[in-house]
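Visitor: Dropping a structure here in structure tokens format, bear with me for questions.
The values are calculated or read from the model by the stated rules, or taken from the named source; none is laboratory data. Just so you know, these numbers come straight off a predicted model, no measurement behind them. Cβ placement follows ideal geometry from the backbone for every residue including glycine, while neighbour counts extend to all protein chains displayed.
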């Protein structure tokens, strides 16, 4: 294994995720300062995502410490898989599925408000819900696979790429469905008043842009997994992926 393509890539990914976590902290601060009257469950959701985000970053730091400090000048030790590597991936996957669930709830709320009494009501929320459940199933399979990998087998983890393709592909499908449904529902909510429609257009752009960012990140992870199968470049992308999901949700 080349250190630059493995642990060097991990270190770069951790630096980027730390920066994005700083953005998350700012978003959380602004949220509680500006929306103090929001329902309790919404505030708890924000706190829950922040805790998962912080945990994932803490585990990522331990990965770097274990491989670059504890095993400094100990090449055989680099073949051992730090427990924190699996932990951060599990926490990150749970965070991503949680964000997708919260988006699915928003789709349901929009559909309930806009399609009351119409035959089309429920079609989009049910579609998103089914895909979100598939995303949870992919997350469970990913977590089981990570737990089953022995701690002394970094190379074995690099060989379990099929689970990455499966999970990331499902997440792409969920993101596309959520962005498409929310944009369609927002488009249908236009009132004909210029000021209101302008705000709705801004929300549509936010929805499409955040959905595009998370989708592109998943596609990049798939591409790096396929193109660089014996490296940790894909993991560097995934370190930042969780942060992007949380950032996108906070921005909405």
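Visitor: Could you give me the residue pairs with C-beta distances under 6 Å whose first residue belongs to the range 140-168 and is over 16 Å from residue 228 (Cα atoms), whose second residue is surrounded by 14 or more Cβ atoms within 10 Å (Cβ to Cβ) and modelled with pLDDT under 65 wherever it lies, and which are 6+ apart or on separate chains?
Guide: Cβ pairs passing all conditions: 149/157.
Visitor: Looking only at the range 55-71, count every residue that is over 13 Å from residue 11 (Cα atoms) and surrounded by 21 or more Cβ atoms within 10 Å (Cβ to Cβ) and tell me the total.
Guide: Within the range 55-71, residues that are over 13 Å from residue 11 (Cα atoms) and surrounded by 21 or more Cβ atoms within 10 Å (Cβ to Cβ) number 1.
Conditions (1) farther than 26 Å from residue 123 by Cβ; (2) crowded, with 23+ Cβ neighbours inside 10 Å; (3) in contact with a strand residue (DSSP E or B) (Cβ under 8 Å, 6 or more places away or on another chain), marked per residue:
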position	(1), (2), (3)
175	no, yes, no
195	yes, no, no
208	no, no, no
216	yes, no, no
230	yes, no, no
242	yes, yes, no
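Visitor: If you check residue 91 against the conditions, is it at pLDDT 85 or above and closer than 18 Å to residue 164 by Cα?
Guide: Details: at pLDDT 85 or above: yes; closer than 18 Å to residue 164 by Cα: yes.
Spelling it out, residue 91 is indeed at pLDDT 85 or above and closer than 18 Å to residue 164 by Cα.
Visitor: Do we have residue 93 as under 27 Å from residue 140 (Cβ atoms) and either without any contact (Cβ under 8 Å) to a residue 60 or more places away in the chain or surrounded by 15 or more Cβ atoms within 10 Å (Cβ to Cβ) (or both) here? Break it down stepwise before answering.
Guide: Working: under 27 Å from residue 140 (Cβ atoms): yes; either without any contact (Cβ under 8 Å) to a residue 60 or more places away in the chain or surrounded by 15 or more Cβ atoms within 10 Å (Cβ to Cβ) (or both): yes.
So residue 93 passes the test.
Visitor: Among the residues of the range 27-41, what is the count of those that are surrounded by 12 or more Cβ atoms within 10 Å (Cβ to Cβ) and part of a helix (DSSP H, G or I)?
Guide: Residues that pass the stated criteria total 4.
Visitor: Name the residue, out of 231, 210, that is at pLDDT below 85 and under 21 Å from residue 64 (Cβ atoms).
Guide: Working: 210 fails: under 21 Å from residue 64 (Cβ atoms).
After ruling out the rest, the residue left standing is 231.
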